[in-house]
Amino acid sequence: MDVSLRKRDQLLDKALELFHAEGFHATGIDRIIAAAGVAKMTLYKHFRSKDELILAVLRRYDEKFRNYLMQQVELRTHEPSQQLIALFDVLDDWLDQDGFYGCLMINACAEFSNKQMPAHVVASEHKRLLLLYIQEIAEAAKASDPPVLAQQLGLLMDGAIVAAQVCGQRRAARITHEIAQLLIHQSRSHPSEQVLEPTQSSGSDMPWPD
């Protein structure tokens, strides 16, 4: 690999790591340069500003995360309805990793809250592409309404990510796994069969982190 491209990759990888762990606004250019072991001139050769670096990092994260998710799902099963469930198995593994700092895209939306800001736009596109991927699996699984099911499962996944990050509830994906199974079953049933009976209380609250 060209030395210049290798330096660019070093910068992106280190910036991604720091932005994820410490935040976008809290991480300065000098911190990134020192951690990546490159000169400031090298950074500005590839990125005209910190904002441009942030966008490049978000696009890199988008590519890495979606490729990871798709590969892990396909490694588990090739059956579409089971792939929908596998999404939550992959999520469960991810939430349980050391150094979990949440979804970088959700974090970006929190720090760049104006929907017109470039970072927010990139993050929103990431979520749209994830929903499209889920919808494609739902279509292959013969769901009655793939776009609706994709929205439902996407909301469950984001909810689990936030619960794990904010509350330390690392089992969040396992809890949403059970809800996802119900939604997937309903979406593949005949409309006349989609009648849910009231459930009995278990007498215990949902587990909450210590």
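Each value in this text was obtained by applying a stated rule to the coordinates, not by laboratory testing. Quantities reported herein were computed from a predicted structural model and do not represent experimental measurements. A quick note on method: Cβ atoms are made from the backbone with ideal geometry, for glycine too, and the neighbour counts reach across all protein chains shown.
Any chance you could tell me what percent of the C-alpha pair distances in the chain go past 30 Å?
33
Assuming R0 = 45 Å, can you tell me the calculated FRET efficiency for the pair residue 82 and residue 21, based on Cβ-Cβ distance, to the nearest 0.05? Show your work: numbers first, answer last.
Numbers: r = 34 Å, r/R0 = 0.75.
It comes out at approximately 0.85.
Take 167, 109 and order them by how many other Cβ atoms sit within 10 Å, fewest up front.
167, 109
What ranking do 44, 61 get, fewest neighbouring Cβ atoms within 10 angstrom at the top? The partial results should precede the final answer.
Details: 44 14, 61 21.
With the fewest neighbours first, 44, 61 line up as 44, 61.
Modelled label-to-label distance, residue 45 and residue 13, 7 Å Cα→beta-carbon offset: nm?
1.8
Can you list the equivalent-ellipsoid semi-axes of the stretch 1-47, largest first and in whole Å, using the square root of 5 times each Cα gyration tensor eigenvalue?
19, 11, 8
Mean residue ellipticity at 222 nm from the helices of the chain, using -39,500 (n - 2.57) per DSSP H segment of n ≥ 4 over the full residue count, to the nearest 500 deg cm²/dmol? Kindly include the intermediate steps, with their values, before the conclusion.
Values: 9 runs with 148 residues, N = 210.
Computed ellipticity for the chain at 222 nm equals -23500 deg cm²/dmol.
Grab the beta carbon distance between residue 139 and residue 93, set R0 = 35 Å, and tell me the FRET efficiency rounded to 0.05.
Once the sixth-power term is evaluated, E becomes 0.85.
Rounded to whole Å, give me the distance from the Cα center of the stretch 49-80 to that of the stretch 120-156.
Distance between centres, Cα-based: 15 Å.
Say each of residue 155 and residue 68 gets a label point 7 Å from the Cα, pointing the same way as Cα to Cβ; how far apart are those two points in nm?
2.6
Taking the chain, how many lysine pairs are there with alpha carbons less than 15 Å apart, if each pair must be eight or more places apart or span two chains? Can you show the working numbers first?
Values: 7/40; 7/45; 14/40; 14/50; 14/64; 40/50; 64/127; 115/127.
Number of lysine pairs found: 8.
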